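Just so you know, all these numbers are worked out from the coordinates, no wet-lab data involved. Keep in mind that what you see is a predicted model, and the values were worked out from it rather than measured. FYI the Cβ positions are ideal-geometry reconstructions off the backbone, even for glycines, and counts take in every protein chain you see.
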Amino acid sequence: MRPISLAAGLLRFTVLLLIFSPTAQAQESVEPAGPTIEIGEGVTADAEIRSRIQTIFREIVGLNRIFVSVTSGVVTLSGQVEDAAAVRKAEDLVSRVTGVVAIENRLTEQTAVSERLKPVIGRFEKRAQQTLDYLPLMLVAALVWLLIGFFGWVVTSRKQPWSWLTPNAFIADLVRQTVWLGFLIAGALMALDILGATAVLGTILGAVGIIGLAIGFAVKDTVENYIASILLSIRQPFRPRDFIALEGMQGYVIRLTSRATILMDIDGNHIRIPNATVFKATIVNYSRNPERRFAFELGIDADSVLHEALGICHTTLEGLGFVLNHPEPAAWIEQVGDSNVLIGVSGWINQTETDFIKARSEAIRTVKTALEQAGFALPEPIYRLRFDSGVPAPVEALPEHKPGTRPASGPGKTPPRVPTPDPGPLPPARSASGDKSADKAVDQAVGTASGNVSEQVTDTGVDEAVLKKVDDERQAEPGGDLLSTNGEDELGARPVV
């Protein structure tokens with residue numbers, strides 16, 4: 001009896017497992033895939049469904065030529081439509097009608113050219129009519145825009161108050177253009193508001209922004225030069241007619257334009273440098289300070305009395321009318337060589353009255369002449385000859401060299417020194433303390449040697465040839481310069497001698 005009861009228990013467990021299994025539960029939870037199809041008295045008649053759909057299609061352009069048939073709630077659509085959009089629209093409308101069980105779509109697209117162009121022509125005529133209807137309103141909007149823009153032009157075309165805001169003409173013009181652009185934008189907003197199309201402004205501004213970004217990348221160098229011209233016109237690092245040096249080039253400033261700085265070198269050639277390069281370059285302005293120092297070197301014989309030579313150089317420069325007394329000229333020993341001594345000489349001039357190159361050239365000539373007349377010989381190279389036998393050639397002993405003697409010229413051998421008139425002993429060089437008695441002694445000592453050197457000074461006036469060309473260039477285009485001729489530069493007011 002026990003095996004039979006065990007088998008009966010297993011059978012009951014299997015039956016219960018099948019009853020409460022997930023499969024059975026899933027089968028019980030299945031829902032209908034679509035809306036419930038009604039039966040009995042709640043079913044809508046096919047004629048009502050067909051009548052309702054045809055009524056809807058007759059009111060919609062493009063769907064009024066569709067044929068509709070209904071059988072047991074299944075709607076069949078046939079005929080031709082203009083495009084695929086009309087097919088989708090018809091199906092959407094039919095699916096929303098009560099009582100429709102399914103849709104049988106047999107619609108085809110119209111391929112005849114005349115039929116396809118009819119809706120296009122209709123839309124064009126409709127838009128043309130709308131344009132004509134909006135034309136008076138558009139004229140009013142355009143008139144408002146023009147009036148606001150004209151008012152902005154009148155305000156910004158005046159010199160005041162823009163010249164009060166900034167003394168720089170270029171910046172004032174830039175401010176005026178910016179304000180006028182603001183008036184134009186305000187007029188456009190007003191016109192779009194009258195037309196009820198303010199939403200279009202966002203699209204327009206977005207398109208303009210993208211176009212502006214593309215143009216900015218394309219003309220990056222031009223934009224960089226324009227910004228640099230604005231900054232240079234504000235800073236004013238130089239003025240017209242200033243002699244400057246930058247990027248290894250020197251010349252007189254003609255003008256600063258919105259793109260480049262134009263120079264003229266001392267040979268009369270034009271130099272055009274982009275403003276971006278000028279803004280980042282190291283600029284040397286030789287004209288800002290009217291006082292300028294020139295310097296040069298002269299060599300004398302190694303046996304010379306050096307303090308006497310320095311005194312002659314100092315006194316000779318002081319005797320030149322174009323050399324300033326303050327700061328006073330200077331002379332110093334620059335270098336001692338094998339057979340000579342280099343003396344450095346410097347002096348200051350007023351560039352508004354004296355040409356730098358002429359003054360330096362005349363100072364070199366005058367000091368050299370004074371040293372020679374005082375008996376100081378300029379150094380000459382000395383060579384020692386050696387024959388193939390290795391025995392050095394005998395060298396004739398030379399008499400001791402003293403200031404006031406000069407070697408005579410002659411081929412074939414070392415010439416003897418021919419004495420020249422001795423000016424006599426010279427006192428020490430001028431004192432830096434300004435001792436009048438010592439200065440007078442030096443003047444008396446070098447008076448005979450220098451003769452009339454100071455009276456033989458050539459013309460050292462400012463060379464007006466290049467400056468006249470610069471002025472002619474500026475007068476040819478009087479309004480194309482961003483530089484100020486009389487205002488302060490970035491360092492303030494200029495010094496005056």
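Computed from the Kirkwood radius of its Cα pairs, the Stokes-Einstein diffusion coefficient for segment 217-341 at 4 °C and 1.567 mPa s stands at 72 µm²/s.
Extending 7 Å from the Cα toward the beta-carbon at both Thr458 and Asn64 defines two label points whose distance is 10.6 nm.
Between Arg106 and Thr277, the C-beta separation translates, for a Förster distance of 60 Å, into a calculated FRET efficiency of about 0.20.
This ranking places Ser157, Ser484, Ser69 by how few other beta-carbon atoms lie within 10 Å of each, fewest first, which gives Ser157, Ser69, Ser484. Between amide H atoms placed 1.01 Å from N, distances below 5 Å from Ile333 occur with Gly344, all of them 5 or more places distant or on a separate chain. With a simple spin-label model that places each label point 7 Å from the Cα along the Cα-to-Cβ direction, the separation between Asp338 and Ala142 comes to 9.2 nm.
Hey, quick one: spin label on Tyr134, modelled 7 Å out along Cα-Cβ, who in segment 177-207 has an amide N within reach, i.e. under 14 Å? Counting backbone N atoms under 14 Å from the label point, the list is 191-201.
What is the gain in length, in nm to one decimal, between Asn486 and His270 on full extension, counting 0.36 nm per residue of separation less the C-alpha to C-alpha distance? Could the numbers behind the result be given before it?
Working: separation 216, 0.36 × 216 = 77.76 nm, distance 2.38 nm.
Computed gain between Asn486 and His270 is 75.4 nm.
For the pair Thr178 and Arg127, what calculated FRET efficiency results from E = 1/(1 + (r/R0)^6), where r is the Cβ-Cβ distance and R0 = 41 Å, to the nearest 0.05?
Numbers: r = 38 Å, r/R0 = 0.92.
It comes to 0.60.
To check you understand DSSP bridge types, tell me what percent of the beta bridges within segment 42-111 (both residues inside) are antiparallel, rounded to 5. That works out to approximately 40 percent antiparallel.
In plain terms, the chain from Arg235 to Asp221 could stretch by 3.0 nm, reckoned as 0.36 nm per residue minus the Cα-Cα distance.
With a Förster radius of 35 Å applied to the beta-carbon distance between Ala245 and Leu213, the computed FRET efficiency rounds to 0.35.
Is the C-alpha gyration tensor of segment 278-352 telling us rounded, prolate or oblate? Criteria: a/c under 1.5 is rounded; beyond that, a/b larger than b/c is prolate, otherwise oblate. Let's see the in-between values first.
On the way: a/c = 4.40, a/b = 1.66, b/c = 2.64.
Oblate is the answer for segment 278-352, as a/c is 1.5 or above yet b/c matches or exceeds a/b.
Averaged over residues, the count of other Cβ atoms within 10 Å places the peptides 304-316, 267-279, 128-140 in the sequence 304-316, 267-279, 128-140, highest first. Amide H contacts of Leu483 (H built 1.01 Å from N, in plane; Pro and chain starts excluded): Leu256 sit under 5 Å, all sequence-distant by 5 or more or on other chains.
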